[in-house]
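Since the structure comes first, as structure tokens, the remarks are kept for the end.
The values are calculated or read from the model by the stated rules, or taken from the named source; none is laboratory data. This one's a predicted model, so the numbers in the text were calculated from it and none came from an experiment. Positions of Cβ are backbone-derived with ideal geometry, glycine not excepted, and every protein chain shown enters the neighbour counts.
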């Protein structure tokens, strides 16, 4: 039966390391870990000495973060690239912060408005107040506070409307918090990218002037694509920031419309119940009458 072949003895140079008894003799060129019998410990998956595998893994893990393509491109863009990266990070944090704030305020749960309208049309203010007390939407809080105000006369309705409108503005201002930062990121990031491109182009053409007649096209093309890199990064930051800003504005506009509907119903709840008896209940008509 033939003797097993040592995988390290495949080449002619490696055969000189194997004695006649089959054991591998230690050598200064061997960087693997020696076992108890003097042979080199080989990783069964890679076929490499154990020390070499460990050094390869250590090197790859050490360079994993710094070798990311995104960070490499940002670093090539220079100071403008890092400023844009910081703006992108701020915009991402702000987006998740606003999203959590919307969820905590119950902005997306506005299906209670129809129930409130139905109860107020039936003249059952207690059930309408109970529905709003179980909701976290800003319109529910404002409407619940407006239920405690007297609206029997025109003067009382006007005073209650002004008070509720002031509370609604405070709620809307709270929802709008942070939108200016997102808007600034969306507007300034492409401008910063363009600034970096202009500065890079100036530097590239200065190198051309210094080279005189010995112009190397590779140097010029390398300077130009590095200059254009900042514009690309600026657009990558600006496009999501603009989309997030528009989406948040849409959410806030919807919440403001819901608050307006609830406030209109609460202020005109007496008239709403009377119109329900006449079969002419309509929130749009009440808003038009209030105007």
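Taken over region 50-90, the residue count meeting the criterion of being over 27 Å from residue 244 (Cα atoms) and either modelled with pLDDT of 75 or more or in contact with a strand residue (DSSP E or B) (Cβ under 8 Å, 6 or more places away or on another chain) (or both) is 2.
Considering region 110-124, and only residues there that are surrounded by 13 or more Cβ atoms within 10 Å (Cβ to Cβ) and without any contact (Cβ under 8 Å) to a residue 40 or more places away in the chain, the residue that is nearest to residue 192 (Cα to Cα) turns out to be 112. Does region 107-119 contain any residue that is under 22 Å from the mean Cα position of the chain (by Cα) and assigned by TED's automatic domain parsing to the domain that holds residue 256? Looking for residues that are under 22 Å from the mean Cα position of the chain (by Cα) and assigned by TED's automatic domain parsing to the domain that holds residue 256, one finds at least one in region 107-119, hence yes.
Right, residue 123: at pLDDT below 85 and at positive phi or not? So residue 123 passes the test.
Please indicate, with yes or no, whether at least one residue in region 130-137 is within 11 Å of residue 263 (Cβ to Cβ), assigned by TED's automatic domain parsing to the domain that holds residue 252 and touching a helix residue (DSSP H, G or I) at 6+ places or on another chain (Cβ under 8 Å). No; the residues of region 130-137 include none that is within 11 Å of residue 263 (Cβ to Cβ), assigned by TED's automatic domain parsing to the domain that holds residue 252 and touching a helix residue (DSSP H, G or I) at 6+ places or on another chain (Cβ under 8 Å). Of the helices (runs of 4 or more DSSP H) lying entirely inside region 206-291, those carrying at least 3 residues that are assigned by TED's automatic domain parsing to the domain that holds residue 142 and at pLDDT 85 or above are 217-267.
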